[in-house]
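Structure first, commentary second.
The values are calculated or read from the model by the stated rules, or taken from the named source; none is laboratory data. Note that the structure is predicted; figures quoted are calculated from it, not measured. Reconstructed Cβ throughout: ideal geometry from the backbone, glycine too, with neighbour counts over all protein chains shown.
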Amino acid sequence: MKNSSILEISLKHLKRKENIVYGLVFIILVVILFLALSFINLIIGYRQDSNKYDILARTILVQNEHTNQDFDKINIIKHVKINASEKYYYPYYVSAKEFDVKNSKGHIAIKAIVEEDSLKIVDGRNIKNDKEILVPSIFYPHGPFTDDGKEVIIKENFIDGKDWIGKEIIIASSKDYPYRFLYPEYNSSNLKEEEILREKWEEEILKPYLEKQKKYSYKIVGTFDSSYNMLERNIVFVSMKDLDDIKNEIKGGTGHTEADGTYTFNPEKYDDRMIIVDNYENVPYVMEELTKMGFINSTVRSYDEIQYKLLTYVPLSIAIIVLFVAIKLMKKFISKKYDNIHYELGIFKALGYNNNQIIKIELYENIAITIIGIIISFILFLIAFNVIINVVPTFIETEYYSVTIRMPYLYISIFIVLIFLYIIYINKRISEKHLKQNTCELLKEY
């Protein structure tokens, strides 16, 4: 008997009532399992990514109550990867006219790359030379505020960072910016006079300042995935050297605003320290050692371990239960089906089919049901998956802050392989048990 004939017989049996009922139950279980696997993948992937890419989770801030020589002692602590000035921790906020749009001014925050592999590069390359800059792959260079001061994210203002690779960003110095309120002689409570004084201030004060204003040009060489770092979508990165060159020219970092509105950057000798640990799990150990050495320290970002375990174990338990139920269902379905088709098995034997051919008929049928069930399950899962990532604001990829839900392709693939291996195994085991009977025994009435 040809394999094509065996396959045709198997496919004709698909419309059996018991096959349809089993298929529907199987589809429901698989959709639930896929969703549970997605959540497990999210939590585990987020933890792994945060350990590698989320520098803030591995950062310890140490207060400056010691000399630089004391700070050097920190380097001997096991698991300390980077011991640097806290100035590299803070973002420096600057305007960027290249990104001005109708309802929002261009506004970015500059940080320094203190750990070369802490960014997941998406397009282009990492920084290699001076005056190079990295931007987020999904870029929102405006900050969360509109021109009228409202805190709102305008999704139309998101841009694809890849489109800007090779272009330049001009960063202008904001040092000694001549805010008009600093010049009482150019201010008035009279509206008509106020407009005249404003124009006079622009001509006599602002224009000369802008003509002498320092400008720094940075070439965009690549994009990074900010969702891995849990960073705002307007944060960009330059080298530590480049940040040192401009830190006193722009706002941000460690410093303070004077009563008159001017911004003063604290000299490096007054900086606290930024300690980066090699692994998130080692942060408590390093903090304990710092305390023993007399350093006052604190973490930047930490994770609730109990919550993490709950978020991992609950969906994992659901996945295990669903998988167990699916396996038991599959075994019971195949076993019951063989119990109900004894007469049919006897007919096949009477027509000259050998045991291997009969096993193949039932195996192909069960595999076909499973394939159809998995395809339908995956389609329904994709629909549910897309609904979730578009309904739950925390996980929308176009939000200002982002945690990305990733498709659990690996886990789904492992499940599919295991299911097919189990079908082959259980089908062979149950069929051989039933086919040990001869043709007469199988054709007996039940």
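Observations on the model:
- Among residues of the stretch 110-132, those that are of a type in the set (Asp, Glu) and under 24 Å from residue 250 (Cα atoms), counted: 4
- Residue selected from the stretch 208-229 under the condition in contact with a helix residue (DSSP H, G or I) (Cβ under 7 Å, 6 or more places away or on another chain) and outside any strand (DSSP E or B), by the criterion modelled with the lowest pLDDT: 229
- Residue 300 fulfils the conditions (1) free of Cβ contacts under 8 Å to residues at least 60 places away in the same chain; (2) within 30 Å of residue 55 (Cα to Cα) except for a single criterion, (1).
- Residue in the stretch 299-312 that is nearest to residue 44 (Cα to Cα), counting only those that are surrounded by 13 or more Cβ atoms within 10 Å (Cβ to Cβ) and out of contact with any Ser or Thr (no Cβ under 9 Å at 6 or more places or on another chain): 312
- Selection status of residue 331, basic (Lys, Arg), farther than 25 Å from residue 48 by Cβ, under 47 Å from the mean Cα position of the chain (by Cα) and at pLDDT 80 or above: yes
- Scan the stretch 329-355 for residues that are of a type in the set (D, E, K, R) and in contact with a Cys (Cβ under 8 Å, 6 or more places away or on another chain) and the total you get is 0.
- The residues of the stretch 80-120 that are part of a strand (DSSP E or B) and either touching an Asp or Glu at 6+ places or on another chain (Cβ under 7 Å) or of a type in the set (Val, Ile, Thr) (or both), listed by number, are 80, 81, 82, 85, 94, 108, 109, 110.
- Test result for residue 173, surrounded by 15 or more Cβ atoms within 10 Å (Cβ to Cβ), closer than 26 Å to residue 247 by Cα and in contact with a Ser or Thr (Cβ under 6 Å, 6 or more places away or on another chain): no
- Residue match in the stretch 34-57 (condition: modelled with pLDDT of 80 or more, among the charged types (D, E, K, R) and closer than 20 Å to residue 90 by Cα): no
- Test: residue in the stretch 16-25 that is in a helix (DSSP H, G or I), surrounded by 16 or more Cβ atoms within 10 Å (Cβ to Cβ), modelled with pLDDT of 85 or more and not polar (S, T, N, Q): yes
- Residue count, the stretch 157-201 (criterion: assigned to a helix (DSSP H, G or I) and modelled with pLDDT of 80 or more): 14
- Cβ-Cβ under 8 Å pairs, at least 6 apart or on other chains, the stretch 322-334 side over 11 Å from residue 422 (Cα atoms), far side assigned to a helix (DSSP H, G or I) and hydroxyl-bearing (Ser, Thr, Tyr): 329/22; 333/22
- Looking across the stretch 277-294, the residues that are more than 19 Å from residue 305 (Cα to Cα) and either in a helix (DSSP H, G or I) or under 25 Å from the mean Cα position of the chain (by Cα) (or both) come down to 289, 290, 291, 292.
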